[in-house]
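Below you'll find the structure, written out as structure tokens, and then a few comments.
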Amino acid sequence: MPAPGGTPADVGALRVLIVDDGAHRVSLIRDELTRQGHVVVGVLDSAIAIHDCVRSLVPDVVIVDAESPSRDTLEHLATVSATHPRPVVVFSEDPSLEPMQKALAAGVASYVIAGLNPERLAPVLQVAIARFEQDRALREQLGHAQAKLTERKVIERAKGVLMRESGLNEEEAYHHMRRLAMDRGQRLAQVAERINEAHELLRPRR
């Protein structure tokens, strides 16, 4: 995906999928995107097929043009966000707070109210891409932190097994696992998981 920020030229040519959710202004959006050098890879009459289209057409950005985003549209966008995340821009004529909140919860990166001005398309796309990339980076950091926490719990459990079953103290148990990991060319968490699995297999069933 092109890097966000700067002028429209900096963004580069984007592959854009457009969804008509009742506003029927997609021709205006398509013409302006084409004028700016972007590629419209598809125009959908509804969001029903959006998941399959995102998977097959691999757009850089999805634009939804709506009077007010429907519940079905938001549900389909949430599915895409969970499986094939993309920056999503919603143009809506509904100033109500509730649909905007639901759209953001569904993974929409930019929600523009009464703002379908062709001249605004470029900066709106830039903001959506930047926000999407920022959110993705935060999710990756969170996932990494959660994985580290899970590994730490596995290692602590394995240390406890060695201390109980082999009479080692905490430091000895840790260094024993470190030596096993180095000898086998594995990560410490992998060795710890094997110790925990072996302990479960050998533990008598009640």
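Please treat every number below as a calculation from the coordinates, not as lab data. Only a predicted model underlies this, so the values are computations on that prediction, with no experimental measurement involved. Methodologically, a virtual Cβ is constructed for each residue, glycine included, from the backbone with ideal geometry; neighbour enumeration extends over all protein chains shown.
Report the calculated FRET efficiency for T150 and E172 (r = Cβ-Cβ distance, R0 = 25 Å), to the nearest 0.05. Please report the intermediate quantities before stating the final value.
Numbers: r = 24 Å, r/R0 = 0.96.
The calculated FRET efficiency here is 0.55.
For the chain, modelled as a Gaussian network with Cα springs under 10 Å, which listed residue fluctuates most, P85, P118, P59?
Judging by the Gaussian network model, the answer is P118.
Kindly rank 60-70, 163-173 from highest to lowest mean number of other beta carbons found within 10 Å of each residue. Don't jump to the answer; show the numbers that get you there.
Values: 60-70: 22.8, 163-173: 12.9.
Packing proxy ranking, top to bottom: 60-70, 163-173.
Ranking request for peptides 40-49, 119-128, 93-102, 134-143: highest mean number of other beta-carbon atoms within 10 Å first, then the rest in descending order.
On the way: 40-49: 16.4, 119-128: 18.2, 93-102: 13.4, 134-143: 11.1.
The peptides rank, most packed first, as 119-128, 40-49, 93-102, 134-143.
What FRET efficiency comes out for E140 versus E200 if R0 is 45 angstrom and r is the Cβ-Cβ distance? Round to the nearest 0.05. Intermediate values should be presented prior to the final figure.
Values: r = 31 Å, r/R0 = 0.70.
About 0.90, to the nearest 0.05.
Suppose every Lys and Arg Cβ carries +1 and every Asp and Glu Cβ carries -1, with no other charges. What dipole size does the stretch 29-138 come out with about its Cα centre, to the nearest 20 debye? Numbers along the way, then the final one.
Numbers: 9 positive and 15 negative charges, 72 e Å.
Charge dipole of the stretch 29-138: 340 debye, to the nearest 20.
With P(r) over Cα pairs in 5 Å bins from 0, in percent as the read-out, I listed [x] 1, 8, 16, 20, 21, 16, 10, 5, 2, 0; [y] 1, 8, 15, 16, 16, 13, 11, 8, 5, 3, 2, 1, 1, 0, 0; [z] 1, 7, 13, 15, 13, 8, 5, 5, 6, 7, 8, 6, 4, 2, 0; which label goes with the value calculated from this structure?
[z]
Size of the dipole of the chain about the Cα centre, Lys and Arg at +1 and Asp and Glu at -1 on the beta carbon, nothing else charged, in debye to 20? Let's see the in-between values first.
On the way: 26 positive and 29 negative charges, 257 e Å.
Rounded to the nearest 20 debye, it is 1240 debye.
For Cα pairs less than 8 Å apart in space and 6+ apart in sequence, what is the mean separation divided by the residue count of the chain, i.e. the relative contact order in percent? Walk me through the numbers before you get to the answer.
Values: 292 pairs, mean separation 32.6, N = 206.
Here the relative contact order equals 16 percent.
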